[in-house]
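Everything on this sheet refers to the single structure shown next.
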């Protein structure tokens, strides 16, 4: 069963969760931010964090991430979690930290097994050609091709129209003279 996903602000989190996030990001949040588009197609940056029961995306910009670290007394002037606080948080959440570390090891093992399986399949089927994409022509290239052909077509069309116009004038003149002669009779 998949975990529910929660998008929230750092300030709205419980203190316990804030401490766990600080423990998992002792060097600050800025380098761990991701970007995604929300349902309104706005670009949002957030800090991902996973607990046993939920996936969190904590909305924050790089500036806000730095401001949180600077304002927090748990971090030193270099933006690193103080050793005393780190040890305190580890003691408080010893079992949870151990479980998170075990989950990370399991994920790494699964990723490694998948990579090995993929490499074995590629080695077993060396004659299988790699999928290549068909080369698409861009709109600009397509326009160039069509515009190159258009001037010649326009010229011939203009010649045909020009050739038809005098004949049309002659026939109109003949018709008007025929009408005039028929009325005169």
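Quick note: the coordinates plus some simple rules give every number you see, no bench work behind them. Since this is a predicted model, take the numbers as computed values, not measurements. Cβ atoms come from the backbone with ideal geometry, glycine included; neighbour counts cover every protein chain shown.
Ranking request for peptides 106-114, 30-38: highest mean number of other beta-carbon atoms within 10 Å first, then the rest in descending order.
On the way: 106-114: 10.0, 30-38: 12.3.
Answer by packing, highest mean first, reads 30-38, 106-114.
In terms of its Cα atoms, the range 5-92 spans 42, 29, 19 Å along the principal axes, sorted from long to short.
Relative contact order for the range 5-92: what is it in percent, counting Cα pairs under 8 Å that are at least 6 residues apart?
Working: 104 pairs, mean separation 28.4, N = 88.
For the range 5-92, the relative contact order is 32 percent.
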